[in-house]
Amino acid sequence: MSAVFDRPEFQDRVHKVVGSSRGTPDISMSASCDGVVVVYYSFNPARVGYHLVCGTSEASPEFAGIVAMADQLAGRRLGQLGGRLYELSKYAIVDVTQGNNTFGPFTNSDGNTYTVEGYSAGPGYDLASGRCSRIRYLSRSMNAAILRQVSPATINSQSSTSCAWRST
C-alpha cells in the first residue's frame, strides 16, 4: 500500500483491504524466475543475443503488449486503465488465491541474509496479486471486455482461448 497516495475512487470496493491508502498491485502478471522469458536484445554491443528475463523485466513488457493490442483494437489510446481493470473483474479473470509475494532469502551486498515479508493471496482483491490476476492468454474477446464492457455471455461465446471466465 502507498504511504503517500490516497485510495482512488476505483478502489472504493476494496477499501476493507487498503483502507484510505492507494492499494498496489492492481493486477499481477507472471514474473517468476521459474518460468523465464527468452528475449533477444542488441542495445548493449557487448551482450548482443538471447537472454533470460523474469520479474518486472518480464511482467511489465508483457502487460504493455496487452495494452498495446487493446489500443490497436480500439483504434485509439485507452488512457488511464485503473478503473477498467477493476471493472474487468466482473467478467472475471482467474483470481490468484494462493501464494505470496515474499522475497528471499537472499544475501545482500553487505553479506547479510534477508527476507522481505510480503502479503498472502486470497479470494478477491489482495495485496499479493491485486484484483485482476493470472492473465495467461489474450484473445479478441478479452480485449472486447476491456474496451466495451460487453456481457459475459458475449465473452463466453467468442472466447477461443483457454482463459477461465466466470461470472461474479
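The values are calculated or read from the model by the stated rules, or taken from the named source; none is laboratory data. From a predicted model like this one, the values you see are computed outputs, not experimental measurements. Positions of Cβ are backbone-derived with ideal geometry, glycine not excepted, and every protein chain shown enters the neighbour counts.
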message: Looking only at segment 7-18, filter to residues that are exposed (fewer than 12 other Cβ atoms within 10 Å of the Cβ) and free of Cβ contacts under 8 Å to residues at least 24 places away in the same chain; which one of those is nearest to the chain's Cα centre (by Cα)?
response: D12
- prompt: Has segment 144-166 got at least one residue that is at pLDDT 85 or above and part of a loop (DSSP other than H, G, I, E, B)?
  reply: no
query: Which members of segment 7-52 meet the condition of being acidic (D, E) and more than 25 Å from E117 (Cβ to Cβ)?
result: E9, D12
- prompt: Among (1) touching a strand residue (DSSP E or B) at 6+ places or on another chain (Cβ under 7 Å); (2) touching a residue at least 60 places away in the same chain (Cβ under 8 Å), where does M69 come up short?
  reply: (1)
- prompt: Hey, among the residues in segment 1-32 that are within 26 Å of S57 (Cα to Cα) and of a type in the set (S, T, Y), which one's modelled with the highest pLDDT?
  reply: S2
query: Quick check: anything in segment 33-42 in contact with a strand residue (DSSP E or B) (Cβ under 8 Å, 6 or more places away or on another chain), at pLDDT 90 or above and surrounded by 15 or more Cβ atoms within 10 Å (Cβ to Cβ)?
result: no
task: Check segment 50-62 and report whether any residue there is acidic (D, E), within 30 Å of E9 (Cβ to Cβ), surrounded by 14 or more Cβ atoms within 10 Å (Cβ to Cβ) and modelled with pLDDT of 85 or more.
output: no
- prompt: Failed condition for P45, given (1) within 30 Å of D12 (Cα to Cα); (2) over 13 Å from the mean Cα position of the chain (by Cα), with all others met?
  reply: (1)
